[in-house]
Amino acid sequence: MNGDASRERILGRVRRALADVPRQERPGDHPVAREYLRVHEERSPAESVDLLARNLTDYRALVHRVDAPGLPALLARLLHERHAGRVAVPAGLPEAWLASAGVRLLQDSPALTPHELDGVDSVVTGCALAIAETGTVVLDAGPGQGRRALTLVPDHHLCVVRIDDQVVDSVPRALERLTATRPQTWISGPSATSDIELDRVEGVHGPRTLEVVLVAGDPRTG
């Protein structure tokens with residue numbers, strides 16, 4: 001079956017399924033009851049951050065904690081320890097974060113090809129939010145995050161999370177804050193897969209090493 005025939009077959013099924021739906025009806029006319037738990041237990045903000053750190057570590061991410069004034073020095077140290085000389089950064093990343101890192105910065109743009117991204121040593125980004133219960137960092141291409149290729153091609157990703165306003169307890173609470181039309185990347189630890197023998201291989205679909213920096217205070221100011 002060729003592509004056109006497959007497409008028509010699928011669309012035909014959709015049309016038949018919608019045959020009894022009035023033309024004037026809109027999706028919002030019939031709210032869906034969402035009776036599932038929005039969070040599995042109530043926690044203090046500090047407990048949520050601790051849970052996020054534990055779950056990230058369980059997924060083999062490297063987790064660091066720092067206050068906002070100490071962020072530039074920590075990023076510089078982490079990049080130095082990896083001997084990172086060429087670092088890709090997205091538009092909107094605060095310049096002060098890497099001003100003292102002593103590395104060559106490559107500003108992301110569509111002109112930066114996947115081949116060129118594969119040649120950088122590290123990428124440093126922010127995020128949209130992080131989910132404590134699943135140990136997940138979510139990026140949505142907002143300022144300081146960049147396009148999806150920026151965080152999937154390089155082998156090392158340093159991701160900064162503001163614990164004061166970017167940590168949520170659960171997936172339902174994350175979905176309430178995210179915009180469905182934005183391109184989202186959900187990251188739970190470094191990229192990994194297993195073959196039929198259950199041998200784990202890391203770095204196949206994304207960075208081999210994920211480091212998450214949990215920052216107290218607002219590192220965008222000062």
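The values are calculated or read from the model by the stated rules, or taken from the named source; none is laboratory data. All values derive from a computational prediction rather than experimental measurement. Neighbour counts run over all protein chains shown; Cβ positions are idealised from the backbone, glycine included. The accessibility values were calculated without ligands, DNA or RNA, using every heavy atom of the protein model including side chains. Shrake-Rupley method; radii C 1.70, N 1.55, O 1.52, S 1.80 Å.
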Selection from the stretch 86-140 of residues that are surrounded by fewer than 20 Cβ atoms within 10 Å (Cβ to Cβ), touching a Lys or Arg at 6+ places or on another chain (Cβ under 6 Å) and in a loop (DSSP other than H, G, I, E, B) | 94, 121, 140
Considering only the stretch 1-25, state which residues are at pLDDT below 85 and charged (D, E, K, R).
-> 4, 23
Among what's in the stretch 141-156 and is outside any loop (DSSP other than H, G, I, E, B) and in contact with an Asp or Glu (Cβ under 7 Å, 6 or more places away or on another chain), pick the residue that is surrounded by the fewest Cβ atoms within 10 Å (Cβ to Cβ).
-> 156
Meets criteria (within 30 Å of residue 112 (Cα to Cα) and open to solvent by 80 Å² or more (accessible area, probe 1.4 Å)) for residue 23 | no
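Listed here are the residues, each with its yes/no results for (1) surrounded by 13 or more Cβ atoms within 10 Å (Cβ to Cβ); (2) without any contact (Cβ under 8 Å) to a residue 12 or more places away in the chain; (3) over 26 Å from residue 147 (Cβ atoms).
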residue: 29; (1), (2), (3): no, yes, yes
residue: 40; (1), (2), (3): no, no, yes
residue: 61; (1), (2), (3): yes, no, no
residue: 73; (1), (2), (3): no, no, yes
residue: 78; (1), (2), (3): yes, no, no
Residue check: is residue 51 surrounded by 10 or more Cβ atoms within 10 Å (Cβ to Cβ) and either of a type in the set (A, V, I, L, M) or at negative phi (or both)?
-> yes
State whether one or more residues within the stretch 148-157 are at pLDDT 90 or above, within 18 Å of residue 65 (Cβ to Cβ) and in contact with a helix residue (DSSP H, G or I) (Cβ under 8 Å, 6 or more places away or on another chain).
-> yes
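State whether the residues of the stretch 22-45 include one that is under 30 Å from residue 216 (Cα atoms) and among the aromatic types (Phe, Trp, Tyr). Give the steps one after another, and end with the answer.
As a first pass, look at the stretch 22-45 and keep what is under 30 Å from residue 216 (Cα atoms): 37-45.
Of the ones still in play, those that are also among the aromatic types (Phe, Trp, Tyr) are none.
No, every residue in the stretch 22-45 fails to be under 30 Å from residue 216 (Cα atoms) and among the aromatic types (Phe, Trp, Tyr).
Given the structure, is residue 34 open to solvent by 100 Å² or more (accessible area, probe 1.4 Å) and modelled with pLDDT of 95 or more?
On the way: open to solvent by 100 Å² or more (accessible area, probe 1.4 Å): yes; modelled with pLDDT of 95 or more: no.
No.
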Pairs returned, first residue in the stretch 102-117 that is over 14 Å from residue 148 (Cβ atoms), second residue that is open to solvent by less than 80 Å² (accessible area, probe 1.4 Å) and modelled with pLDDT under 90, beta-carbon separation under 9 angstrom, 6 or more apart or interchain, are 106/112
